[in-house]
Amino acid sequence: MNELLLRIEALCVEVDSSILVGAGAGMAVVGLFLWLGGARYSTIVVGLLGAAVGALIGMLVGQRLGLAPFVSMAAGAVVLSVLSILARNVLVIVLATVIFALLAATVYTTVVLDHQPVQETTTQDTATRDSLAAQEPPRFVYQSFSRMDPNTRQAYIDGLSAPEEGFQSRMKAVLEDLWEALGPHKWYLIGAILIGGVGGFLLIWFIKNVVLPLCYSVVGATGALLGVQVLLLGLGARVASDLSSRPWIVPAAFGSMTFIGWVRQLLAGRRRHAAAEEAPKEAKHD
């Protein structure tokens with residue numbers, strides 16, 4: 001997990017600090033909401049998610065048809081939000097499948113990257129490397145970020161994509177490099193995604209009331225931790241680098257938060273269910 005956080009840190013470190021603070025604070029707030037109360041307000045969450053996806057689709061369609069962006073985004077948001085709420089049960093199953101697939105992919109990728117050895121290129125002699133270095137930024141073939149110092153990490157990211165190319169181009173380059181770093185493990189990653197997705201589908205199908213709070217807790221804990229990391233990065237604190245010597249802290253925090261949020265939402269759901277059953281009984285006695 002620390003490898004992924006270090007890559008996120010190296011990617012975001014050159015973004016404007018005000019953007020990082022705002023984005024991090026927003027992610028943290030949304031993450032905390034989903035972590036502790038996502039299952040209770042699942043209809044609202046599904047509706048907002050549908051609205052966000054609908055706005056994106058509306059913007060893309062509006063660009064092709066030459067429509068006003070605001071009108072097309074608003075129409076897409078309303079239509080998909082209503083459809084999401086009407087098809088809530090189906091969408092919940094889809095979301096659970098996707099969440100478990102992504103969780104399996106993240107865990108497997110983390111394990112592979114955390115055990116990735118440091119590699120340094122030997123295909124060119126020293127004179128050739130020196131002449132290339134004088135012409136363009138250095139390009140390394142290190143894979144393990146946890147074994148690099150912060151300056152080497154940043155040089156590695158800059159070698160993948162120049163800062164002036166923009167954040168999206170740099171993120172695309174980092175994702176491509178991450179895919180290459182997996183090497184022969186790519187097919188195993190795809191297998192892990194399929195297993196996680198099928199497992200999530202079966203679990204949510206048979207024990208929805210137990211698995212749904214777990215899904216919200218996983219997403220909420222992830223969003224909260226990433227939000228805090230981005231927020232602190234905007235304030236000048238490189239948390240991932242500071243914790244690289246103690247890589248167990250973040251997984252332990254994520255696991256603890258997921259368990260606490262899951263149990264809390266399960267207990268809250270049972271209390272609501274018990275109160276709903278008691279209400280008709282009290283009405284009869286009255």
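The values are calculated or read from the model by the stated rules, or taken from the named source; none is laboratory data. In this text, all values refer to a predicted model and were calculated from it rather than measured experimentally. Heavy atoms of the whole protein, side chains included, go into the accessibility calculation; ligands, DNA and RNA do not. Shrake-Rupley method; radii C 1.70, N 1.55, O 1.52, S 1.80 Å.
Observations, loosely collected:
- Ranking by accessible area, most exposed first, for Phe70, Phe259, Phe33 with a 1.4 Å probe: Phe70, Phe259, Phe33
- The accessible area of Trp205, taken with all protein chains in place and a 1.4 Å probe, comes to roughly 150 Å².
- The solvent-accessible area of Arg40, taken with every protein chain present and a 1.4 Å probe, is close to 140 Å².
- Interchain or long-range residues, amide H under 5 Å from Val13's placed H: none
- Phi angles of the stretch 151-159 translate, via the Karplus equation with coefficients 6.51, -1.76, 1.60 and θ = phi - 60°, into HN-Hα couplings of 5, 5, 4, 5, 5, 5, 4, 5, x Hz per residue; Gly and Pro are given as x.
- Accessible surface of Glu176 - all protein chains present, 1.4 Å probe, nearest 10 Å²: 100
- Karplus-derived 3J(HN,Hα) values for the stretch 6-22, using 6.51 cos²θ - 1.76 cosθ + 1.60 with θ = phi - 60°, are 5, 5, 4, 4, 5, 6, 8, 4, 8, 6, 4, 4, 5, 5, 5, 5, x Hz; glycine and proline are entered as x.
- Relative contact order computed over the stretch 150-257 (Cα-Cα under 8 Å; 6+ residues apart), in percent: 15
- Accessible surface calculations at 1.4 Å, restricted to protein heavy atoms, place the stretch 1-71 at 53 Å² per residue.
- Residues Tyr216, Tyr108 ordered from highest to lowest accessible area at a 1.4 Å probe: Tyr108, Tyr216.
- Integer Hz, Karplus 6.51/-1.76/1.60 couplings in order for the stretch 27-34, x for Gly and Pro: 4, 5, 5, 4, x, 5, 4, 5
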